[in-house]
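Read through the structure below, which is laid out as structure tokens, and then see the notes.
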Amino acid sequence: MLTRRYSWEERLDRARVDLGTNPQFVLFFRDLHYGSNFPTERVQNAHARGMTPVISLEISRWGDTGYLDEVVKGEFDEYFREWSENAKECGLEVMLRFGFEMNGDWFPRDPNPKNLSWHGSVRMTFSVK
């Protein structure tokens with residue numbers, strides 16, 4: 001039973017003890033909530049523990065159905081641009097899972113793998129220089 005609130009860092013440290021080893025990667029999720037910028041502090045904390053963060057960027061907001069149409073229309077371009085620029089400024093390695101499981105029918109988006117209209121946002125995100 002969880003009797004108190006733990007920080008993400010405390011959970012990482014506890015997992016390292018429980019596993020008896022230091023994982024190479026640590027996975028966590030981010031959604032498209034506008035207040036949710038690039039998680040610089042979490043990335044720094046993972047690297048301080050010798051772990052490469054794997055960030056799953058969901059194309060939705062927690063509790064909502066999904067925003068693929070809005071992403072395709074460019075409504076999140078500024079969000080992705082700022083997020084990418086903050087990632088670059090952080091200067092540490094991260095792995096990004098953008099729109100993970102795009103071809104599954106368990107998310108509220110088109111499971112057709114030929115519907116790749118969101119690629120423009122991905123290209124823009126990775127073109128930050």
Open item on the list: So the check is Cβ under 6 Å with 6+ separation or different chains; which pairs have a first residue in region 69-87 that's within 22 Å of Thr52 (Cα to Cα) and a second one that's modelled with pLDDT under 85 and in a helix (DSSP H, G or I)?
Closed with: Phe80/Ser121; Phe80/Thr125; Ser84/Thr125
TODO: Scan region 77-99 and give yes if some residue there is assigned to a loop (DSSP other than H, G, I, E, B), at pLDDT below 85 and exposed (fewer than 14 other Cβ atoms within 10 Å of the Cβ), otherwise no.
DONE: no
Task: Where Thr3 falls short, out of the listed (1) in a helix (DSSP H, G or I); (2) at pLDDT below 90 - done: (1)
Task: Subset of region 29-69 that is of a type in the set (Asp, Glu) and exposed (fewer than 15 other Cβ atoms within 10 Å of the Cβ) - its residue that is modelled with the lowest pLDDT - done: Asp64
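The values are calculated or read from the model by the stated rules, or taken from the named source; none is laboratory data. Keep in mind that this is a model prediction, so the values were computed, not measured. Cβ: placed from backbone, ideal geometry, glycine included. Neighbour counts: every protein chain shown.
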